[in-house]
Amino acid sequence: MALVGFMGAGKSRVARELSRLLGWESLDVDQEVERRTGRSIPVIFRDEGEAAFRLLEAEVTEELLQRDRVIVATGGGWAAAAPGRMESLASDTLSVWLRISPEEAVRRVGSGRGRVRPLLRVADPLAEAQRLLADREPAYSQARLTLDADRFPPRAIARRIRDEILGIPHGD
Ligand code: S3P
């Protein structure tokens, strides 16, 4: 299954929680790019630029998505970085959009704690988050399931996705 959504939505944490619940492997694209290149995402952005990062991201994501019984936490830009990304997901791959508001995203990732997001290191991070989200929403919204990451913590989201995968019905 694939998790998509903006920076700060909790994709990596949900992937880890879900991995515990399902016994599937959790795979984080950003981490895998860092492992393979031996460099951090901010360093890749700084030294090679966003376009080079997007190529690496596309390659790694495509490869990870081919595995069975895995949870892939995509990078926040993957779904919209090129046309047809969401359509390229296999029909038996559940896709979930962890939906977060730009305000909450900036609160979570702009605080200086945790991983640095090069795209939000700008004078007005909220305006940039609003712009990026507006641009990306059409792609994210193609996910099969949308869950509210502003309101629900990663564990609750992971349980909801587990139920979806196990075919346990929900009213939403
Ligand atoms: C990006 C999101 C980041 C990382 C990179 C670019 C984006 O991943 O891939 O900084 O374009 O939204 P997270 O969504 O895990 O923060």
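The values are calculated or read from the model by the stated rules, or taken from the named source; none is laboratory data. Keep in mind that this is a model prediction, so the values were computed, not measured. Note that we place each Cβ from the backbone using ideal geometry, even for glycine, and neighbour counts take in every protein chain shown.
Miscellaneous remarks
- Hey, residue 115 of a type outside the set (Asp, Glu), surrounded by fewer than 19 Cβ atoms within 10 Å (Cβ to Cβ), over 19 Å from residue 28 (Cα atoms) and in contact with a Pro (Cβ under 9 Å, 6 or more places away or on another chain) or not: no
Residues are listed down the side, and each one gets a yes or a no for (1) surrounded by 20 or more Cβ atoms within 10 Å (Cβ to Cβ); (2) among the β-branched types (Val, Ile, Thr):
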| residue | (1), (2) |
| --- | --- |
| 15 | yes, no |
| 19 | no, no |
| 23 | no, no |
| 29 | yes, yes |
| 37 | no, yes |
| 43 | no, yes |
| 51 | no, no |
| 59 | no, no |
| 62 | no, no |
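- Hits in the stretch 50-84 - residues which are under 12 Å from residue 2 (Cα atoms) and more than 9 Å from the ligand (Cβ to nearest atom): 61, 62, 64, 65, 66, 67, 68, 69, 70, 71, 72, 79
- Single residue of 131, 144 found to be in contact with a strand residue (DSSP E or B) (Cβ under 6 Å, 6 or more places away or on another chain) and at pLDDT 95 or above: 144
- Some residue of the stretch 21-29 being under 17 Å from the mean Cα position of the chain (by Cα) and over 11 Å from residue 71 (Cα atoms): no
- Checked against (1) in a helix (DSSP H, G or I); (2) near the ligand (Cβ under 10 Å from one of its atoms); (3) under 30 Å from residue 167 (Cα atoms); (4) not small (Gly, Ala, Ser), residue 42 meets all criteria but (3).
- Within the stretch 85-95, one or more residues are within 13 Å of the ligand (Cβ to nearest atom) and either crowded, with 17+ Cβ neighbours inside 10 Å or not polar (S, T, N, Q) (or both).
- The residues in the stretch 58-80 that are in a helix (DSSP H, G or I), free of Cβ contacts under 8 Å to residues at least 40 places away in the same chain and out of contact with any helix residue (DSSP H, G or I) (no Cβ under 6 Å at 6 or more places or on another chain) can be counted, and the count is 5.
Here is a yes/no grid of residues against (1) within 23 Å of residue 122 (Cβ to Cβ); (2) more than 15 Å from the chain's Cα centre (by Cα):
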site: 59; (1), (2): no, yes
site: 62; (1), (2): no, no
site: 67; (1), (2): no, yes
site: 73; (1), (2): no, no
site: 81; (1), (2): yes, no
